[in-house]
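Written out below as structure tokens is the structure these notes cover.
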Amino acid sequence: MHKIPLLITLVLSLLGRTNVCRGQINPMSVSPAETDNSVAAELKSFQLANGYKIELFASEELGIADPCAMRWDEKGRLWVLTIPSYPQLEPGQKPVDKLTILEDRNGDGKADTSWVFADGLMMPLGFELGHGGVYLGEQTELVFLKDTDHDGKADTREVLLSGFGTHDSHQTINSFIWSPGGELFFSQGHSIYSRVETAWGIEKADRAAIWRYRPLRRQLDPFLDGSTASVNPWGMNFGEWGEMFHKANDPELFYTVPGLVKTAQRALLPPIGKLVIKGSIIEIIRTKHLPDDLKGDFVIAGYYNNKIERMRVTSDSSGYSARLLDPILSSGSRSFRPIDVKVGPDGALYVLDWYNPIIGHYQASMRHPDRDKTHGRIWRITATGRPLVQPPKLAGQPVSVLLDQLKSDEHWVRYQAKRLLAEKPLAEVKPALTDWIGKLAPQDANYEHCLMEVLGVFESHELVNEALLRQLAQGKESGARAYAAHVAGRWSDRLADPLALLEPLITDENARVRLEALVAVSSVHRPEAMVLAAQVLNQPMDKFLRYALNKTAYALQEAWEPALQTGKIAFKKPAHLAWLVSVIPPSWYSADQYRKVIATENLSPDVRRSLLLSLAKTGKAADIAFILNQPAAQTDAALLENLSKLDAQPVSPKAALSLKNSLLPSKTAEVNMAAIHLVRAWKIRSAATTIRSLATSYPIDQRVRAEGLKALVELNGRAALPLLQKLVGSAETPRVIRLAALKGISELDVTLAAGATVREMQRSGGSAEAMREAITPLIDQRSGIKALLAELAKTALPKPQARLALEALATKGINAPELSARLNALAEERTIVARKYSPEYVEKLAKAVGEQGDAKRGELIYRANPSCPACHALNGQGGTIGPNLSAIGRGLSSREIITEVLWPNQNIKEGYNRVQVETKKGEIIQGIKVFETADVIHIKTMASSKSRIIDKKELASQTESGSLMPTGLMDAYSEEDVRDLIRYLSELGSHEPVK
Amino acid sequence: MSSSRSSGNGFYSAARQGLHCIVLFLGISYSVSWAQPRLDKTFFNGKDLSGWSATDRSYWSVKDGAIVGRADQPVAKNRFLWSSVKVANFYLSIDVKLEPDDRNAGIQFRSQKADATGQALGYQADMGRDVWGRLYHEHGRQKLDWSDRGEKAVRRGQWNHYEILAVGDRIWTAINGKLAVAIKDPGGDASGYIALQIHSGEPQTVTYKINRLVHNPNVELAGLTESQLDQQLKLPLDKRQSGLPLKLQSDDVIAFAGGTNIATMRKDGILESLILAAHPTTKLRIWNLGWDGDTVFEQFRDVGFKSWSKNLDSLGTDVAFVQFGQLESLGGVKALPQFVASYKKRLDEIRKTDRRIVLLSPIPFEPARSYRTPEAQSANPLTTAPVEQYAEEIRKLAESEGYGFIDLFHPLQASPSFGSLTTDGMHLNPDGQRLVAALIMKALQSPREFSTELVPLQKEVLTKNVLWFNYWRPSNWAFLNGDRITQPFSHDWKDKDRRIFPEEMKAFEPLIREAEQRIRDEQSKLAPVR
């Protein structure tokens, strides 16, 4: 820290105080963002990739204010939902939200006519057309609006479902889309809790989730709730063979299919790729009009950083992976907020622009005057030099004509045709379908794709066509087989023998077919379904298959577990049973049963380990001896580690002897350490002497020695103090061992430890990192800070060490004002300015940031301060425990950044609340809560990239409050430094980082 | 008959208190007033019967400072001498002598006159052979506490010292210093009058020597402290409370609770309009607390949203219509015992002195309406759900626990429109709502059906209901009072310490009051012209 001013002076003198033009940056997104809100000004802000042209399609002039979603109808009219009542209706006011229809009657590529289809709506966030009307998500309800007298306005309103949560009005049900089989998908966000009464029971989804609604059956199913696949899903789409994807409102993109297993069990779905910063919606480019290079790419609405993003999605075993390409469009206007992207009937890319300097919900006051309620735009991006598509006539066409459109290369045409076919009377559709299939030529390249599309028409009518399904299940195209597997799942309650149909597919040569078959099997609630599902293990597994198989085991648990208990289930291979009971150990399984399963040949190490662990939990001394006596167990560090996490089990002298094999110096350090952990956790005192000799033996790996010392503390208590003090006191002791001894002393006696810590601090003049290591054992202990403070009152610390200690405290994220004050005094730092929050101060500083802020100087301050990158990522570098700062300036104004930096407890970003736990042994762990179950809590700490998983049984207390970011990080900085740092941060994401 | 509930709040403050509590959680101010004990000097003057009345005064006289009830001939009907002093929380000390000693008499308290002949309805501290020291509920629920420990303390044919202590829903009596009755009777009579009895039968003389009546007494009796007395409490043998028909009084707060079918009532206001129209001159406040997916097992509410029972409390609910069992019935017969136990528990949470609770049965499912086309028919559990058994168990629960019960299941099933009363096989459509409303009105003995005459009233009801919903269950709860209240969203954009969202929500309160006033204006237009 002391180096900063020097460094800055140096660099600045090198650069000279050149005032570089910083471009058109308005640092305030919560006051008038753009002085010129005209269409022309916004057009000027666009930077388009080569080969494209952008024009206005519609704006506020046609009544588009605060648009949030758009959908096409078969006539090429664009329906737009506008929600000026958002974010919160004022008391006593009538809601003014609307569904407006835009039409380009003269075909010049601009909407010229608009009328209101439905008025007086209350903050609806999404809709889709279908069944001759509109499905609309409006607060707690999914409603169906219809214009029965054909005057262009809705005149009936039917509530289809109710009970969706409204706890946060930007996360209510949204992003409606038809699946290829005529299912309506939509999603909800992180603060939403829904309870919906259906004929199958109450369907529940807590926090973010994806919903699937089968309208004719009135069947609603939730998936991936508990925010297990993004906290705010917004935008879904289906690939050419029905592969489902969804986009988080956050950076991540997901391949949804593994998560379409219905079970209350929750697990985080791995994403397949991500943007740099937030963006929503997926449009998959499938039109001849747009450049060939763009075909198949995912286009995403980058509402946060004012871009139209582009991702390329490629196969990755049973799933996909995605990478970010250069954007199609970037804008310098902070009000350009693309929130929906759709290819239109002409093949152009239409962009719905919320046009608002304030995008978000929580970041700004609900009544902030700059929430724009009057603008809204729809932009049309075309490819220069490529002909537009002429959409066919779809409205009013007979079934046969619509069916022919299923062969179209244009996805827009197929989507509309299927939607129309789904709403035609079945009596009309049914004969035509058979007829049309009969006329298809099997030699045509897209023959199977046509079959897939027409199978979707059957599905949308809930009309089972087993013959067609079987044909597709034997298709040449893997996509055809995958889709057939999916439909077999959907129709499983109506097929004579769905499992027989799925059997060959679950062992298909193509991994994606296997995955779809697995998901399908999960809907057949019979014991044999589990037998079949387990056969996917016969071929290589990957993260998507593993995810789906685990979920399937839970989904089918009520079917297979009783069957297993009564011996009415026979797996094809012993390894299948072994896998199943390794994932869900039956509560009634006996030690003998585990031993039998463990004897299965060719078990994977994971399965074997999990079974041995389950056996250990049954807890008989003989079983523990059996486990520890296994040669494979004696070299399995992961097993020993996991055993150490169980409650202490009875260890016979014989078992203890077996364990000593793992303590031999000939074993790897990992095995030694794991065995030490086990001895320590289960308090196996007979191993204490072995461990003591390991810990004091110079040639042994230092990590092993360090762990050995910790175990001795546990086993011997204060009796270990003389040894520890001897080690700490000797300069010959390697540092790692000293630190371990320090940790031990800290656990036993903080006062003694304080003296040793200060001596260690005096030795740690090299770097903040070394200093952090020196203070951590004591600081992370109950009353440790107090003891250190007391010691520092007696013992002085050289200035450099005191400065490093301050830095170390900051990087640890510790709020310890008294200790900081003492260290500051020792360091003889500048006057400490503890800034008090006041709106006037923020205003004054914001003004200074805007007028005099120097971003270059700010960047140097940022770079020289190790506490920022310790937690925050910036352009791919730095920690991940805090929010990514790469485009913070796009999302937050300088006023807000000031508040965030100086008083981090004021507004805590979703998911960044600090959690602090204290274990029963007095260790303090703080970080971000990643995941929590009834038994464990996963905490992401600054110390490690991996989450720390803590058993709740070991906890003495758990508090969640405030931000992890310490207050007072800027206390030692001058006003000018703070000003420049804020300036730097507020420009992040606005243009290329200052080099 | 005056309202037994403290109505000093008046509409304005009561409504405000109720609404307030739901959103701002000031807690419930239902605590018993902490008034000091007050000796009633007007109760009996020791000289004559001023302040007392009876349909036939010839039985009653005052002699040697005591009230004497004397019958020289056999008595056809029970005879009562009524005091004009109303009691709620009180202590009464009397010495009493029965001649001959095998006759029967008693002291009514917190009672009402049941009819013109002066018969009593309410608690009676009983005396006489085989009934000494027992608690009877005259003309009503009958035996409440029937233990014989009072009897054991009696000195037959001599003076016996009888004490009665009633505080809130707790009632104790003692004979000759020994505890006799100790019951907790939530939902029982909270206040009323004292009357002295001569039982029907052979000639007798009863002498009541009144020592003292104390209002708001200290809780101590028979040498026992309050906590010792509390330890003795049990629920009464007969837990029934005032059943149907309900007598709705001015200022009554009526709440509806249940799942989607209840929640949907707020959107058509039919039942509400009918209830208001049936009581055109009575000021009623009606709140719909229906919440989609509520069952006896779970009433999901977000962080900061008080529980289901607390919501009923904070509104000051006097009458609660509760409907559960619809979705629960999908769990089948095997889940029935668990359902009944949970339902009982839920109701125990809201059981309160003077709160009337009416259970509505679930409606029969219409499985054929659960899918839109024949092809979409599925094996959903509506066909097999044992709704009728659930309805029957709810009826039994209501009977044994003393709640009102309205059967919607059988009348709906028998209706010619059955099969077209729901939108989706489980949720009532407007026809279904109208039919259910009519059935409930019939059970309340105010038969009435919806007619165009009620449309202006219904319009105001709907306006109020929209305001109520947006106030009670507003969007953005997470920011208003949930887990995101520290975010800038609910704060002023300049003064970040000021939370404008809760302030803004307060603006609903006058709007709701105005809407209620308009309801009353429409309601009064329906009053019969004199």
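Can you find a residue that is within 20 Å of A:Val519 (Cα to Cα) and surrounded by fewer than 18 Cβ atoms within 10 Å (Cβ to Cβ) anywhere in the stretch A:428-444?
no
Of A:Asp508, A:Asp606, which residue is out of contact with any Leu (no Cβ under 8 Å at 6 or more places or on another chain), surrounded by fewer than 17 Cβ atoms within 10 Å (Cβ to Cβ) and either in a loop (DSSP other than H, G, I, E, B) or not assigned by TED's automatic domain parsing to the domain that holds A:Ala229 (or both)?
Just one listed residue meets the conditions, A:Asp606.
Here's a check for you: in the stretch A:968-995, which residue that is assigned to a loop (DSSP other than H, G, I, E, B) and either in the same structural domain as A:Pro327 (by TED's automatic domain parsing) or under 25 Å from the mean Cα position of the chain (by Cα) (or both) is modelled with the lowest pLDDT?
Out of the qualifying residues, it is A:Ser990.
Could you check the stretch A:209-224 and list, in sequence order, the residues that are within 13 Å of another protein chain (Cβ to nearest Cβ) and either touching a residue at least 40 places away in the same chain (Cβ under 8 Å) or of a type outside the set (S, T, N, Q) (or both)?
Residues satisfying the conditions are A:Tyr213, A:Arg214, A:Pro215, A:Leu216, A:Arg217, A:Arg218, A:Leu220, A:Asp221, A:Pro222.
Residues checked against (1) under 17 Å from A:Ala364 (Cα atoms); (2) not assigned by TED's automatic domain parsing to the domain that holds B:Val319; (3) not in a helix (DSSP H, G or I):
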| site | (1), (2), (3) |
| --- | --- |
| B:Gln433 | no, no, no |
| B:Val436 | no, no, no |
| B:Gln445 | no, no, yes |
| B:Glu449 | no, no, yes |
| B:Glu460 | no, yes, no |
| B:Leu467 | no, yes, no |
| B:Lys494 | yes, yes, yes |
| B:Arg513 | no, yes, no |
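Of the residues A:Val519, A:Val487, which is farther than 15 Å from A:Glu459 by Cβ and in contact (Cβ under 8 Å) with a residue 60 or more places away in the chain?
Among A:Val519, A:Val487, only A:Val519 is farther than 15 Å from A:Glu459 by Cβ and in contact (Cβ under 8 Å) with a residue 60 or more places away in the chain.
If the Cβ limit is 7 Å and pairs must be 6+ apart or interchain, which residue in the stretch B:490-504 that is without any contact (Cβ under 8 Å) to a residue 12 or more places away in the chain and at the interface with chain A (Cβ under 7 Å from one of its Cβ atoms) pairs with which residue that is assigned to a helix (DSSP H, G or I) and surrounded by 17 or more Cβ atoms within 10 Å (Cβ to Cβ)?
The qualifying pairs are B:Lys496/B:Pro488; B:Ile500/B:Ser490.
Of the residues B:Ser307, B:Ser342, B:Ser361, only one is away from chain A (no Cβ under 14 Å), closer than 25 Å to B:Ala438 by Cα and among the hydroxyl-bearing types (Ser, Thr, Tyr); which?
None of the other options fit; the residue is B:Ser361.
Can you confirm whether the stretch B:222-230 contains a residue that is under 18 Å from the mean Cα position of the chain (by Cα) and without any contact (Cβ under 8 Å) to a residue 60 or more places away in the chain?
No, the stretch B:222-230 has no match at all.
Of A:Arg863, A:Arg857, A:Arg895, which residue is free of Cβ contacts under 8 Å to residues at least 40 places away in the same chain and over 19 Å from the mean Cα position of the chain (by Cα)?
Just a single option satisfies the conditions, and that option is A:Arg863.
For the stretch A:628-656, enumerate the residues that are more than 17 Å from A:Arg609 (Cα to Cα) and assigned to a helix (DSSP H, G or I).
Passing the criteria: A:Pro653, A:Lys654, A:Ala655, A:Ala656.
So A:Ala796 passes all but one of these: (1) over 28 Å from A:Ser886 (Cα atoms); (2) touching a Gly at 6+ places or on another chain (Cβ under 8 Å); (3) in a loop (DSSP other than H, G, I, E, B). Which condition number does it fail?
(2)
Mind listing whichever residues of the stretch B:282-307 are of a type in the set (Val, Ile, Thr) and touching a helix residue (DSSP H, G or I) at 6+ places or on another chain (Cβ under 7 Å)?
The answer is B:Ile286, B:Thr295, B:Val296.
Matching residues to (1) buried (at least 24 other Cβ atoms within 10 Å of the Cβ); (2) out of contact with any strand residue (DSSP E or B) (no Cβ under 9 Å at 6 or more places or on another chain); (3) within 14 Å of chain A (Cβ to nearest Cβ):
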{"position": "B:Leu274", "(1), (2), (3)": "yes, yes, no"}
{"position": "B:Lys283", "(1), (2), (3)": "no, yes, no"}
{"position": "B:Ile286", "(1), (2), (3)": "yes, no, no"}
{"position": "B:Asp292", "(1), (2), (3)": "yes, no, yes"}
{"position": "B:Asp313", "(1), (2), (3)": "no, yes, no"}
{"position": "B:Asp318", "(1), (2), (3)": "no, no, no"}
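When only residues in the stretch A:536-594 that are over 31 Å from the mean Cα position of the chain (by Cα) and of a type in the set (Lys, Arg) count, which is farthest from A:Thr256 (Cα to Cα)?
Looking at the filtered set, the residue picked out is A:Lys568.
Give the number of residues within the stretch A:185-208 that are surrounded by 23 or more Cβ atoms within 10 Å (Cβ to Cβ), among the small types (Gly, Ala, Ser) and either assigned to a strand (DSSP E or B) or within 8 Å of chain B (Cβ to nearest Cβ) (or both).
Total satisfying the criteria: 5.
Working carefully through the options B:Arg518, B:Arg434, B:Arg484, find the one that is over 30 Å from A:Ser194 (Cβ atoms) and buried (at least 16 other Cβ atoms within 10 Å of the Cβ).
Exactly one of B:Arg518, B:Arg434, B:Arg484 is over 30 Å from A:Ser194 (Cβ atoms) and buried (at least 16 other Cβ atoms within 10 Å of the Cβ), namely B:Arg518.
Tally up the residues in the stretch B:63-96 that are part of a loop (DSSP other than H, G, I, E, B) and touching a helix residue (DSSP H, G or I) at 6+ places or on another chain (Cβ under 9 Å), please.
Residues flagged as part of a loop (DSSP other than H, G, I, E, B) and touching a helix residue (DSSP H, G or I) at 6+ places or on another chain (Cβ under 9 Å) within the stretch B:63-96 amount to 0.
Right, B:Ser451: over 15 Å from B:Arg266 (Cβ atoms) and more than 8 Å from chain A (Cβ to nearest Cβ) or not?
yes
With respect to the numbered conditions (1) surrounded by 17 or more Cβ atoms within 10 Å (Cβ to Cβ); (2) part of a helix (DSSP H, G or I), which one is the sole condition not fulfilled by B:Val455?
(1)
The values are calculated or read from the model by the stated rules, or taken from the named source; none is laboratory data. For clarity, every value in this text was computed on a predicted model and none was experimentally measured. FYI the Cβ positions are ideal-geometry reconstructions off the backbone, even for glycines, and counts take in every protein chain you see.
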